[in-house]
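Inspection log for the structure reproduced underneath, given as structure tokens.
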Amino acid sequence: MPMESDETWLTETLYDDIRMSIKVDRVLFDSRTEHQHLVVAESERFGRMFTLDGVTQLTMADEFVYHEMLAHVPILAHGAARDVGIVGGGDGGLVEEVLKHATVERVTIAELDAGVIEFARTYLPDLSRGAFDDPPVEIVLGDGADFVASTDRRFDVIVVDSTDPIGPGAALFTPEFYANCKRVLQPGGVLVTQNGVPFFQPDELESTMRIFGGLFADATCYLGVVPTYVGGFMAFGWGTDDVALRTVPVATLRERFGAADLDTRYYTPELHQASFALPRFIGDIVDQAVPAR
């Protein structure tokens, strides 16, 4: 956190050749757990924000984009998801969105670091809004890759809310991990992943799509724009053997959206369908990785 005169700036260090700094009014939490370095700060523009190992994970000003798209696209496309698995997601923003669906009967969170959950309860309470303590939620502490490799549970939707593929997050981008995710999907289930910003991280998307292409009948990505994730479009990997899920008609999505009585700030049924329309440079990444798409 370099200082400029009397100002404090939080600087992201994800890329070697790019820096984005956000002026913060105060740092509320700065500590290392057994696994990771966590920082929570207050910013006038972005509100409370959370960084992990120097990389911005979320800000309260725009987290709704990321979490709404991770949760509502697969659940509403599926239409009957009762059992949802989350790998990562220790900040609580994703599970809070998932629990807005009354059809969901059980949510299992596989989170590596208990310290992330405890600090989120304390410093980001408006993100999870008590979701960790909701009766349908079970928290499994430990490596998410080990969880999907060993569990006998089966899920309608699995969402991988991971960090970037560095440090502990690297294990959540491997062929073995994705194959095990497919193993624990119910027939017709869908796997959704965080796949970075393709403009700056094309290799991350290409690698996941290549693996997905060998696992699923339908392998692609959809997009959202999160202002604090530098580089434009954010990619969400999509893998399923039910090829109809990606093309659910807007009228059906509207019906499901209305029945769920969701109050969203980014997601709409129309945007849901449009998010699968890829700009050419992103479509080229997917096409090269999944030629038969």
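The values are calculated or read from the model by the stated rules, or taken from the named source; none is laboratory data. None of these values were measured; they are calculated from a predicted model. Note that each Cβ is placed from the backbone with ideal geometry, even for glycine, and that neighbours are counted across all protein chains shown. Quick note on the areas: whole protein, heavy atoms, side chains included, nothing else; ligands and nucleic acids left out. Shrake-Rupley method; radii C 1.70, N 1.55, O 1.52, S 1.80 Å.
Assorted remarks:
- Residue within the range 239-248 that is in contact with a Phe, Trp or Tyr (Cβ under 8 Å, 6 or more places away or on another chain), closer than 16 Å to Ala81 by Cα and of a type in the set (Asp, Glu) present: yes
- Among the residues of the range 121-162, those identified as without any contact (Cβ under 8 Å) to a residue 24 or more places away in the chain and part of a loop (DSSP other than H, G, I, E, B) are Gly130, Pro135, Asp152.
- Qualifying residue in the range 271-287 (condition: open to solvent by 40 Å² or more (accessible area, probe 1.4 Å), in a loop (DSSP other than H, G, I, E, B) and within 16 Å of His78 (Cα to Cα)): no
- Qualifying residue in the range 145-168 (condition: surrounded by 24 or more Cβ atoms within 10 Å (Cβ to Cβ), modelled with pLDDT of 95 or more and polar (S, T, N, Q)): no
- Matching residues, the range 236-259, being over 20 Å from Ala217 (Cβ atoms) and either buried (at least 17 other Cβ atoms within 10 Å of the Cβ) or under 19 Å from the mean Cα position of the chain (by Cα) (or both): Leu253, Arg256, Phe257
- Among all residues of the range 214-226, there is none that is open to solvent by 20 Å² or more (accessible area, probe 1.4 Å), more than 28 Å from Ala145 (Cα to Cα) and not charged (D, E, K, R).
- Looking across Glu105, Glu118, Glu97, one residue alone is in contact (Cβ under 8 Å) with a residue 24 or more places away in the chain and either surrounded by 23 or more Cβ atoms within 10 Å (Cβ to Cβ) or over 25 Å from Thr268 (Cα atoms) (or both). It is Glu97.
- Here Ser43 clears all of (1) without any contact (Cβ under 8 Å) to a residue 40 or more places away in the chain; (2) hydroxyl-bearing (Ser, Thr, Tyr); (3) under 20 Å from Gly196 (Cα atoms) except the condition numbered (3).
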